[in-house]
Amino acid sequence: MPYNHQEIEKKWQAQWEADSAFSADASKKSKKGNLYILDMFPYPSGAGLHVGHPEGYTATDITARKRRMEGFNVLHPMGWDAFGLPAENYAIKMGGHPRDITRKNIDNFRRQIKSFGFSYDWDREISTCEPEYYKWTQWLFLLLWKNDLAYRAKAPVNWCPTDNTVLANEQVVDGKCERCGTLVVQKELEQWFFRITKYADRLLAGLDKLDWPERIKAMQRNWIGKSEGVEIDFDIIDDKKEEVIRVFTTRPDTLMGVSYIVLAPEHPLLDELVTEEHQMDLVNYRDQARKKSELERTQLEKDKAGIFTGAYAHHPLTGELVPIWVSDYVLTTYGTGAVMGVPAHDERDYAFAKKYDLPIKWVIASPDQDDRVADAAYTDMGILVNSGQFDGLTSTDAKQKVADALEGEEKGRRVTFYRIRDWLVSRQRYWGAPIPAIWCEDCGVQPVDPKNLPVILPDDVDFKPTGQSPLVGSKSFHEVNCPKCGNAARRESDTMDTFVDSSWYFLRYTDPTNSEVFADEASIKAWCPVDLYVGGAEHAVLHLLYSRFVCYALKDLGYLEFDEPFVALRNQGLILGPDGEKMSKSKGNVVNPDEIVSEYGADTLRLYEMFMGPLEDAKPWDTKGVVGVRRFLDKVWMARERLADSVDPAIDKAVAKCVKRVGDDTDAMKFNTAIAEMMKCANVFAAAEAIPREAYMTFVRTMAPYAPHLAEELWSEVSGAKSVFDHGWPVADESLLKDSIVAVAVQVNGKLRATIDISPELGADEARARAEATENVAKHLEGKEVKKVVYVAGRVINFIVV
RNA sequence: GGGCUGGUGGCGGAAUGGUAUACGCAGGGGACUUAAAAUCCCCGGGCUGAAAGGCCGUGUGGGUUCGAAUCCCACCCAGCCCACCA
């Protein structure tokens, strides 16, 4: 008979809640110490949870439950990343207030998450949109501001015309708004920034010590984009002025191959140096370039077009004349906005030179002479040629020698550039934490006194985005005095990027109700940093990089004793629809976890999601497969009817092996193979007429982190004791793990010819004799000379014959 | 174009130098049943053979090794990420 999952799961969820079974208490004595196991908190969308959410949550829940059984004190909290555009857009479209919509969504998310039986400490639940929380987001802003890590500046920024707000670089994907897909336009606006670039080098170096997926580390390295090279000054030939064009290159070894210089269309020196004859060309070209959207610039990647300015510069070492060109393949936002054109050894320069018939000078020869093709740039390292004093050097040596020469002449210097930009944190939207600043006509922009936090998000506003923050229209919000001179002033009306909210939330969980500090020092010390963090790979750069930055800053400012917030990180893979495609409403392949829980139970859903395949892989959903794990649970359930005070060494052995394997695999987060092992054990139970009670109860404890409801029910029914989680993680009986007889493969010249059942302790000679005695092996050895015999005890014996 | 990850039965996957395909799904056969469902047991890489067995087999081609899905080299394909970054 199948078990009644609805009744059992409801019963134990209520029991856990009544017992506060999972409350984390740092003051509690624990023999193993404290662990912080964290899920990336969800954005509570209107659609509710999808099956992807419980995948990561189950992985951490299994880990947390097992660690508790082992005697660790575990902090395992859940909360809500509750500010953000979707709720606000929904409110604009459908009416209502983003707060009400968000709270309703949170209620639904909480109900769903509780239905899965996760062992969260609900007393620590946080929500970033509540004033008790965002007070400290604002405090963080003030702290960074006070320490010159937050500042206001005018800069070219990304503007989304649909959402009517600026976006961080990280939120622009393929030139489009990450949220709504609208083409982003560049605007010159004054905005608030966090000085993340100050930490570029440390954020890069810190990656090395992290237990994170290589992929994620590579993406962060890529995003930080460190490149070491040389800045080179080219003197402009101009009687009137002493100006230089500064270029940046990572390949100073190609300096002798320069045949022109290219400036970005926005380069500040352009107006001065363009000759009269080329002035109109420049005006037209700039006009054209400005009209191109980011997307067009990307799509036209291969089309290198530009114009000649009529001006020339001196080569810094040879003094040779070098023409100065303009093209938008050079970006203002990287390096110096000017590059030296070396067509022979750079693909872009090559394309440009071909188009405008500029000289192509080969200065690097491939060490592999034949490799050099004349109809393409040679971009690898090599040996210098046609380079005067540098001839014969390798690229690596030449880089140093050229840099030395330039530094000697004061024509250049070694520099490091980063691709990462400062983090733009202000948004012209309503549903976010107000930036705690006050504008005074006399004193300029002033920080709000921390005593007056939180700056409450007002209700008397119209949410419709107009390009200005909706807060601009709020009267109550703006009746404020300057904190410095006391005169009437107005509040900053921008709100913060929601990534600021989520950049520190894991600290708040350690002390979620504190109204004096963002979290008490002792609480942070007790739990942080996070020992295990699990979430989707989509946060590879944004959230994870921002959180790291905030922790580095807080450490420098004396608030934390660690810089890296997440010691170990794992990404759960995407769960695809049954058709193997990414789940989406439009494809109609979305699986609703509520239906699985109601039809098969939470334990089945948990087990199935872990059984599908390795945690980090993308895996298609198969409802038929769900039935398979439910059958397994029913087998375990039914086995309780055949318990006996009997002895069965075979079953004891199967259980001991299961305990060992499940323990090891759970620690390695190989949940799929752990479950396969439990299934094997259940099959042994199913085939047995009587099952030793002791062995069965050990199995139930082993299964408990995976299927906690069923385990609790079986434990209380069979043992009469209260919670299976109070009884510790079972220890495998080592003596049962060793097999006295094993099947050893017998090979002749590497081909399997037989297997023999022998003791793994058996000596090589005896094993050989046993192997030779088997009929098939004898047949293959007949008439052959045995050159060598390889024996690996307990595994394989291989005869090498001729 | 660059980087990363991967390619194993009909399907999800297991095995990280030692019997390839554990476990599950789907399929076939049997037991129980008036019957069906449920449940339980057995069989499932290909070719060949009555069987025992033999040959082939982890994307392709080579290499290292007594022995390779696993390590090395080259290539093909797929997915993800980045991409005019000088």
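Check A:P268, A:P213, A:P252 and return the single one that is closer than 24 Å to A:N169 by Cα and open to solvent by less than 60 Å² (accessible area, probe 1.4 Å).
Sole residue among the options that is closer than 24 Å to A:N169 by Cα and open to solvent by less than 60 Å² (accessible area, probe 1.4 Å): A:P213.
Tell me, which residue of region A:360-379 that is open to solvent by 70 Å² or more (accessible area, probe 1.4 Å) and under 11 Å from A:A344 (Cα atoms) is modelled with the lowest pLDDT?
In this case the residue turns out to be A:R372.
Looking only at region A:715-740, how many residues end up being free of Cβ contacts under 8 Å to residues at least 40 places away in the same chain and open to solvent by less than 50 Å² (accessible area, probe 1.4 Å)?
Residues meeting the conditions: 4.
Which one is farthest from the chain's Cα centre (by Cα) among residues in region A:317-342 that are more than 6 Å from RNA strand B (Cβ to nearest atom), farther than 18 Å from A:L282 by Cβ and among the hydroxyl-bearing types (S, T, Y)?
A:T318
Please specify each residue of region A:156-199 satisfying the condition of being without any contact (Cβ under 8 Å) to a residue 12 or more places away in the chain and part of a loop (DSSP other than H, G, I, E, B).
A:E178, A:G181
Among (1) of a type outside the set (K, R); (2) in a loop (DSSP other than H, G, I, E, B); (3) open to solvent by 20 Å² or more (accessible area, probe 1.4 Å), there is one condition A:A526 misses while meeting the rest; what is its number?
Of the numbered conditions (1) of a type outside the set (K, R); (2) in a loop (DSSP other than H, G, I, E, B); (3) open to solvent by 20 Å² or more (accessible area, probe 1.4 Å), the odd one out for A:A526 is (2).
Which residue out of A:A743, A:A778, A:A773, A:A754 is open to solvent by 30 Å² or more (accessible area, probe 1.4 Å) and within 10 Å of RNA strand B (Cβ to nearest atom)?
A:A743 is the lone residue from the list that is open to solvent by 30 Å² or more (accessible area, probe 1.4 Å) and within 10 Å of RNA strand B (Cβ to nearest atom).
Just to verify a result, which residue in region A:156-182, among those that are crowded, with 16+ Cβ neighbours inside 10 Å and over 24 Å from the mean Cα position of the chain (by Cα), is farthest from A:P465 (Cα to Cα)?
Per the stated criteria, the residue is A:V157.
Within the set of pairs 6 or more residues apart or between chains, which connect a residue that is without any contact (Cβ under 8 Å) to a residue 24 or more places away in the chain inside region A:572-583 to a residue that is surrounded by 16 or more Cβ atoms within 10 Å (Cβ to Cβ) with Cβ atoms less than 7 Å apart?
So the pair list comes out as A:E581/A:N589; A:K582/A:L574; A:K582/A:L576.
Give the number of residues within region A:595-609 that are within 14 Å of RNA strand B (Cβ to nearest atom) and β-branched (V, I, T).
Within region A:595-609, residues that are within 14 Å of RNA strand B (Cβ to nearest atom) and β-branched (V, I, T) number 1.
Which pairs do you get when a residue that is within 13 Å of A:S119 (Cα to Cα) and open to solvent by 60 Å² or more (accessible area, probe 1.4 Å), found in region A:8-20, comes within reach of a residue that is modelled with pLDDT of 95 or more and charged (D, E, K, R), reach meaning Cβ atoms under 8 angstrom, with the pair 6+ apart or on two chains?
From residues that are within 13 Å of A:S119 (Cα to Cα) and open to solvent by 60 Å² or more (accessible area, probe 1.4 Å), the pairs are A:Q15/A:E712; A:S20/A:D123.
Of all residues in region A:380-420, which are open to solvent by 80 Å² or more (accessible area, probe 1.4 Å) and within 16 Å of RNA strand B (Cβ to nearest atom)?
A:D380, A:M381, A:T396, A:Q400, A:R414, A:R419
From the set of residues in region A:544-578 that are within 18 Å of A:L210 (Cα to Cα) and within 16 Å of RNA strand B (Cβ to nearest atom), which is surrounded by the most Cβ atoms within 10 Å (Cβ to Cβ)?
A:Q572
Hey, can you tell me all the residues within region A:414-463 that are farther than 18 Å from A:L167 by Cα and among the acidic types (D, E)?
If the condition is that a residue be farther than 18 Å from A:L167 by Cα and among the acidic types (D, E), then A:E441, A:D442, A:D449, A:D459, A:D460, A:D462 are the ones that fit.
When residues of region A:610-626 are filtered for being within 6 Å of RNA strand B (Cβ to nearest atom), more than 18 Å from A:V590 (Cα to Cα) and open to solvent by 20 Å² or more (accessible area, probe 1.4 Å), how many remain?
Final tally of qualifying residues: 2.
Could you list, in sequence order, the residues of region A:638-668 that are within 13 Å of RNA strand B (Cβ to nearest atom) and either without any contact (Cβ under 8 Å) to a residue 24 or more places away in the chain or open to solvent by 30 Å² or more (accessible area, probe 1.4 Å) (or both)?
A:M638, A:E641, A:R642, A:K657, A:R661, A:D664, A:D665, A:A668
What's the total number of residues in region A:674-696 that are within 15 Å of RNA strand B (Cβ to nearest atom) and surrounded by 17 or more Cβ atoms within 10 Å (Cβ to Cβ)?
Of the residues in that region, 11 qualify.
Looking at A:D39, A:D25, can you tell me which residue is closer than 29 Å to A:V541 by Cα, touching a residue at least 24 places away in the same chain (Cβ under 8 Å) and acidic (D, E)?
A:D39
The values are calculated or read from the model by the stated rules, or taken from the named source; none is laboratory data. Here the structure is a predicted model, which means the values were calculated and not measured. All Cβ positions, even for glycine, are placed from backbone atoms using ideal geometry, and neighbour counts span all protein chains on display. With ligands, DNA and RNA removed, areas are computed over all heavy atoms of the protein, side chains included. Shrake-Rupley method; radii C 1.70, N 1.55, O 1.52, S 1.80 Å.
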